[in-house]
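K.L.:
This is the structure I have questions about; it appears just below.
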Amino acid sequence: MAAISSITIRRARRGVIVAMLADDPLGSARERLEDPLPSSYFRAFEALEQVSHIQLVVAEDEDGAVIGCLQLSILPGLSLQGASRGLIEDVRVAAHCRSRGVGEKIVQWAVAEARASGCALVELLTHKTRVDAQRFYARLGFQPSHVGMTLRF
């Protein structure tokens, strides 16, 4: 497939990305893609809109169709001599656009945003079962550096 040459990255609007979040084995088990969407998604979206250091963004193709998304959080910290860090989460690309450069473009956008915000580093989260995603991030220069642990409620 040919690369998608031009994308526009903008803040997400309500309800636009839930289908992408649900479009893989992990997401299909975690998300509730219903019509209408559960109100929990809208409450979360409204909470994210109130926080200036978190950006939930989408990538649009030349026709204005949403083809990707991610969340970038700029987190102040005390370690690293008080440095901030960027945290990239929930990177998704629409199934019909995968392997066409969209993911690379939105991750590079997030890295540039974090750098412009004065971050000393960028970290990202991906599930340990997402082996293809791990190879993708390694190709972009990310290195495994942490052991993540989860406590669910």
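The values are calculated or read from the model by the stated rules, or taken from the named source; none is laboratory data. From a predicted model like this one, the values you see are computed outputs, not experimental measurements. Every residue, glycine among them, receives a Cβ derived from its backbone with ideal geometry; neighbour counts consider all protein chains shown. Remember, those area values only see protein heavy atoms, side chains included, never the ligands or the DNA or RNA. Shrake-Rupley method; radii C 1.70, N 1.55, O 1.52, S 1.80 Å.
K.L.:
Out of Q143, Q108, Q81, any idea which swings most in a Gaussian network model of the chain, alpha carbons joined below 10 Å?
P.N.:
For the chain, modelled as a Gaussian network with Cα springs under 10 Å, the answer is Q81.
K.L.:
Within a Cβ distance under 14 Å of R85, other residues only, what is the Lys/Arg minus Asp/Glu net charge?
P.N.:
Counting the neighbours of R85, the net charge comes to -2.
K.L.:
Not counting ligands, DNA or RNA, and with a 1.4 Å probe, what is H146's accessible surface area in Å² rounded to the nearest 10?
P.N.:
Spelled out: H146, probe radius 1.4 Å, area about 140 Å².
K.L.:
Sticking with this structure for a sec: Gaussian network model of the chain, Cα springs within a sub-10 Å range: biggest mean-square fluctuation belongs to which of S28, S73, S39?
P.N.:
The residue that fluctuates most here is S39.
K.L.:
Express the relative contact order of region 36-153 as a whole percentage, based on alpha carbon pairs under 8 Å and six or more residues apart in sequence.
P.N.:
18
K.L.:
Over the Cα atoms of region 88-140, compute the convex hull volume and normalise it per residue, giving Å³.
P.N.:
Output value, Cα hull per residue: 81 Å³.
K.L.:
Give the calculated FRET efficiency between F42 and M149 to the nearest 0.05, with a Förster radius of 35 Å applied to their Cβ-Cβ distance.
P.N.:
After rounding, the FRET efficiency stands at 0.75.
K.L.:
Let me ask you something else. Which whole-angstrom value gives the distance between the alpha carbon centres of region 52-81 and region 128-153?
P.N.:
After rounding, the separation between the Cα centres reads 18 Å.
K.L.:
Provide the per residue accessible area, probe 1.4 Å, for region 1-73, rounded to a whole number of square angstrom.
P.N.:
57
K.L.:
Once you sort the root eigenvalues of the Cα gyration tensor of the chain as a ≥ b ≥ c, which label holds: rounded (a/c under 1.5), prolate (a/b larger than b/c) or oblate (the other case)?
P.N.:
Because its axes are fairly even, with a/c under 1.5, the chain counts as rounded.
K.L.:
Rounded if a/c is under 1.5, else prolate if a/b beats b/c, else oblate: with a ≥ b ≥ c from the C-alpha gyration tensor eigenvalues square-rooted, which is region 26-77?
P.N.:
Judged from the Cα gyration tensor, region 26-77 comes out oblate (a/c at least 1.5, b/c at or above a/b).
K.L.:
Mind running the shape call on region 1-61? Use the C-alpha gyration tensor, a ≥ b ≥ c as the square roots of the eigenvalues: rounded below 1.5 for a/c, prolate if a/b tops b/c, oblate otherwise.
P.N.:
oblate
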